[in-house]
Amino acid sequence: MRKHRIAVIPGDGIGLEVIEAGKKVLEELAEKSGEIQFDFKDFDWSSKRYLEQGHYIPEGGLDELKTFDAIYFGAVGSQEVPDHVSLWDLRLAICQGFDQYANVRPARVLPGVTSRLQGADKIDWVIVRENSEGEYSGNGGRVHQGLPDEIGTEVSIFSRKGVERIHRFAFELAMTRPRKKLLLVTKSNAQRHGMVLWDQIFFEVARDFPEVEIQRELVDAVTTRMVLKPETMDVIVATNLHADIISDLAAALSGSLGIAPTANLNPERTFPSMFEPIHGSAFDIAGQGIANPIGAFWTAVMMLEHLGEETSARRLMDAIEAVTRSELHARDLGGAATTAEITDAVCQHIDE
Ligand code: GGG
């Protein structure tokens, strides 16, 4: 029996519902496989905790988290806590604290899912988001607060180490894909320091990967290319902020944000990696049992792959696709199925 210790942080809003559903399908998978076992430990690190106790992560929390094989995360964000506080004190504290510098976001239209984009069946992308620095370096400040000459600064940091490792990661990923294409997304015409370095290092790293076909696009132009020529793109590498924005677009073009997964990887495995649906806490629909759990399930597939459980990952993905193919959809995909109905259907479709 192969055991995997998973730290579970449902977080806020629909995070609680979809992660509970994700644990259920993983338990079902473990039972049917007879070869794997999950040892889940729940952590109530959430905005509720912040409001009650003044912190998301208790003292020593990250040290405890370090001992797990992976982290299964829901969502963060609440109406009562400013978004920049919840994001930095929970999600970013883990991503940056554990040097999960490679954020990987696949996008494709699952069977039975209808996209509003014509030709969306050609979407088969993996967006690689730099996840440790850039626009999310936390480097800035505010002075003269509340006065007419108030200013705020937010200075992006692009380090040679940080940029080189994400480009190398993206090239290595592109090498594993049939088309072996890598698109550099940037805004180095306007951002003439850090992003010029970002581009320069890309072309330096490219020399080590002559088999990868490289392409280049400005971030504004890439949004139109995603809509008009989806078939021309394969792996895409972009900075923290740019990739965050284009991956939301990618998810919407693939059907809905509710189905999109993410892996926050520490490729060297010095620290655990964290897996989460792309979507946020969606507190407008929280507690109603109607959140789409498919994003959390696909995320679980990525976690299984990371844990070396390729066969189980495939079985779970097959079950997810059987359910989407049957057009049992949640509200975001035009259906009326509840979280529980979709979860039960996926459990039933996991092969014995
Ligand atoms: N599950 C993803 C999540 O909770 N995201 C919250 C959020 O606000 N993310 C913004 C970001 O990571 O840039």
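Hey, does the stretch 308-321 have a residue that's of a type outside the set (Ser, Thr, Tyr), in contact with a Leu (Cβ under 8 Å, 6 or more places away or on another chain) and without any contact (Cβ under 8 Å) to a residue 40 or more places away in the chain?
yes
Of these, ASN131, ASN139, which one is closer than 25 Å to ILE278 by Cα, touching a Cys at 6+ places or on another chain (Cβ under 9 Å) and either free of Cβ contacts under 8 Å to residues at least 40 places away in the same chain or in the same structural domain as THR232 (by TED's automatic domain parsing) (or both)?
ASN131
Within the set of pairs 6 or more residues apart or between chains, which connect a residue that is within 15 Å of GLN37 (Cβ to Cβ) inside the stretch 2-15 to a residue that is assigned to a loop (DSSP other than H, G, I, E, B) and among the aromatic types (Phe, Trp, Tyr) with Cβ atoms less than 6 Å apart?
So the pair list comes out as ARG5/PHE68.
One line per residue, one yes/no per condition, for (1) more than 16 Å from VAL301 (Cα to Cα); (2) surrounded by fewer than 21 Cβ atoms within 10 Å (Cβ to Cβ):
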position: PRO10; (1), (2): yes, no
position: GLU20; (1), (2): no, yes
position: GLY61; (1), (2): yes, yes
position: LEU65; (1), (2): yes, no
position: GLY74; (1), (2): no, no
position: GLN96; (1), (2): yes, yes
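For the stretch 114-127, which residues satisfy the criterion of being outside any helix (DSSP H, G or I) and either of a type outside the set (D, E, K, R) or surrounded by 17 or more Cβ atoms within 10 Å (Cβ to Cβ) (or both)?
Answer for the stretch 114-127, where residues must be outside any helix (DSSP H, G or I) and either of a type outside the set (D, E, K, R) or surrounded by 17 or more Cβ atoms within 10 Å (Cβ to Cβ) (or both): THR114, SER115, LEU117, GLN118, GLY119, ILE123, ASP124, TRP125, VAL126, ILE127.
Name, by its number, the condition in (1) surrounded by fewer than 19 Cβ atoms within 10 Å (Cβ to Cβ); (2) in contact with a Gly (Cβ under 8 Å, 6 or more places away or on another chain) that does not hold for GLU276.
That leaves (1) as the condition not met.
Between ARG165, ARG160, ARG177, which is crowded, with 19+ Cβ neighbours inside 10 Å, closer than 19 Å to ALA206 by Cβ, among the basic types (Lys, Arg) and not assigned by TED's automatic domain parsing to the domain that holds GLY15?
Only one candidate qualifies: ARG165.
Just checking, does the stretch 37-60 include any residue being of a type in the set (Phe, Trp, Tyr) and under 20 Å from ASP351 (Cα atoms)?
yes
Give, as residue ranges, the strands (runs of 3 or more DSSP E) completely inside the stretch 183-294 that count at least 1 residues that are within 16 Å of the ligand (Cβ to nearest atom).
235-238, 261-265, 273-277
Of all residues in the stretch 23-60, count the ones that are over 16 Å from GLY287 (Cα atoms) and either among the aliphatic types (A, V, I, L, M) or within 13 Å of the ligand (Cβ to nearest atom) (or both).
Going through the stretch 23-60 one residue at a time, the tally reaches 9.
In this structure, does ALA340 turn out to be outside any loop (DSSP other than H, G, I, E, B), in the same structural domain as ASP99 (by TED's automatic domain parsing) and more than 18 Å from the chain's Cα centre (by Cα)?
yes
Output the number of the condition that PRO82 fails; it satisfies all remaining conditions of (1) of a type outside the set (D, E, K, R); (2) over 26 Å from GLU268 (Cα atoms); (3) within 11 Å of the ligand (Cβ to nearest atom).
(3)
Could you check PRO111 against (1) surrounded by 16 or more Cβ atoms within 10 Å (Cβ to Cβ); (2) modelled with pLDDT of 95 or more; (3) more than 14 Å from the ligand (Cβ to nearest atom) and say which number it fails?
Just one mismatch for PRO111, condition (1).
Every residue, every condition in (1) part of a strand (DSSP E or B); (2) not β-branched (Val, Ile, Thr), yes or no:
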{"position": "PRO10", "(1), (2)": "yes, yes"}
{"position": "VAL18", "(1), (2)": "no, no"}
{"position": "LEU29", "(1), (2)": "no, yes"}
{"position": "TYR56", "(1), (2)": "no, yes"}
{"position": "GLU64", "(1), (2)": "no, yes"}
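The values are calculated or read from the model by the stated rules, or taken from the named source; none is laboratory data. Remember, predicted model here, so these are calculated numbers, not experimental data. Every residue, glycine among them, receives a Cβ derived from its backbone with ideal geometry; neighbour counts consider all protein chains shown.
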